[in-house]
Amino acid sequence: MLYRPRIEGREHFPRKGAVIIASNHLSFIDSFIIPMASPRPVRFLAKSSYFEGTGVRGWLSREFFFAAGAFPVRRGAGQAALDALDQQKRMLEAGWSTALYPEGTRSLDGRLYKGRTGVAFLALQTGAPVVPVGLIGTSEIMPVGAKFPRMRPRVTVRFGAPIDLSHHGAADSGRARRGATDEIMAAIHALSGQELANAYNEAPPQNTVERIKQALPHERR
């Protein structure tokens, strides 16, 4: 009622069964805009620190995120990333809808970055369709670093037609994961209209080991 978002393509959202929501990521508020615009409950993963606070403030944070459909996950690469995928796989096996951001983290400059292959891996492994989403204007409501949302801008949420990625091949094929990821990102780009970055959205390395890891060829999940 406050923001009166423009919602387009809700008819594309499957009303039942497992479905993966793959969206661009511009703001912290994205994870609340998508569930509010969706015709059925959407679950997403949020960093575990939101659920681990103590006292009244910690309790309020924990209850708020649970009520919004969030589940805690420890962020990171390697085993942490695999654990997150396993958690979302269990959600899909239960017939839920779950939202992911293929870029991995928020875009600081508004461009659309290359997708990581974890979303495609999950879709190919479970057979769940992927509904691409284009968010427009959420960074104006709550820019990166802002503590509270602004009240003026209206946002647009565009749901695209579900994508069946099974034609790309098996989940254990790197080529299949890359091809499926590129198809997802092309659909998101068509909905959001963002400038393409043609690069991965990676945080600056904090030490020499991280710089070496980013320089070496590897699959960004």
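Tell me which of 39, 198, 9 sits at the most positive position along the dipole axis of the chain, charges placed on C-beta atoms (Lys, Arg +1; Asp, Glu -1).
Comparing the listed Cα positions along the dipole, 39 ranks first.
Please name which of 101, 171, 149 has its Cα lying farthest along the dipole of the chain towards the positive end, using unit charges on Cβ (Lys, Arg +1; Asp, Glu -1) and the Cα centre as origin.
Highest projection toward the positive end goes to 149.
For the chain, set up a Gaussian network in which alpha carbons nearer than 10 Å are linked by springs, and say which option among 127, 118, 95 fluctuates the most.
95
Please report the antiparallel percentage of the DSSP beta bridges confined to the chain, to the nearest 5.
Looking only at bridges with both residues in the chain, the antiparallel portion is about 20 percent.
What GluC sites (Glu not before Pro) in region 1-90 are in a loop by DSSP, with at most 16 other Cβ atoms within 10 Å of the Cβ?
52
Taking the Cα centre of the chain as origin, sum charge times position over the Cβ atoms of Lys and Arg (+1) and Asp and Glu (-1), and report the length of that vector in debye to the nearest 20.
My answer is approximately 460 debye.
Quick one: among 57, 43, 150, which has the greatest mean-square fluctuation in a GNM of the chain with alpha-carbon springs under 10 angstrom?
Evaluated over the chain, the most mobile residue of the options is 57.
Given a 1.4 angstrom probe, what's the average accessible area per residue across region 6-215, in square angstrom?
Accessible area per residue: 51 Å².
Determine how large the accessible area of residue 113 is when every protein chain is in place; take a 1.4 Å probe and give Å² rounded to the nearest 10.
It works out to around 30 Å².
Hey, can you grab everything whose amide H is under 5 Å from the amide H of residue 43? Only 5+ residues off in sequence or another chain; H modelled, so Pro and N-termini drop out.
Here the answer is 97, 98, 99, since their amide H atoms fall under 5 Å of that of residue 43.
Place a +1 charge on the Cβ of each Lys and Arg in region 1-93 and a -1 charge on the Cβ of each Asp and Glu, then give the dipole magnitude about the Cα centre in debye, rounded to the nearest 20.
Using Cβ point charges on Lys, Arg, Asp and Glu, region 1-93 gives about 160 debye.
Rank these residues by their accessible area, most exposed first, probe 1.4 Å: 172, 182, 30.
172, 182, 30
Could you identify which residue out of 155, 19, 131 has the top mean-square fluctuation in a GNM of the chain using Cα springs shorter than 10 Å?
So, out of 155, 19, 131, the one fluctuating most is 155.
Would you calculate the separation in nanometres between label points at residue 7 and residue 56, each defined as 7 Å from the Cα along the Cα-to-beta-carbon direction?
Going by the 7 Å Cα→Cβ label model, 3.4 nm.
Would you calculate a helix-derived [θ] at 222 nm for the chain, using -39,500 (n - 2.57) for each DSSP H run of n ≥ 4 and dividing by the full residue count, to the nearest 500?
Calculated from helices alone, the mean residue ellipticity at 222 nm is -10500 deg cm²/dmol.
In the set [x] 59, 37, 33; [y] 45, 45, 36; [z] 68, 44, 32, which value of Cα extents along the principal axes in Å was calculated from the structure you see?
Given [x] 59, 37, 33; [y] 45, 45, 36; [z] 68, 44, 32, the calculated one carries the label [y].
The values are calculated or read from the model by the stated rules, or taken from the named source; none is laboratory data. What you see is a predicted model; the values in this text were computed from it and never measured. Please note: Cβ atoms are built from the backbone with ideal geometry, for glycine as well, and neighbour counts cover all protein chains shown. Just the protein is used for accessible areas: all its heavy atoms, side chains included, with ligands, DNA and RNA removed. Shrake-Rupley method; radii C 1.70, N 1.55, O 1.52, S 1.80 Å.
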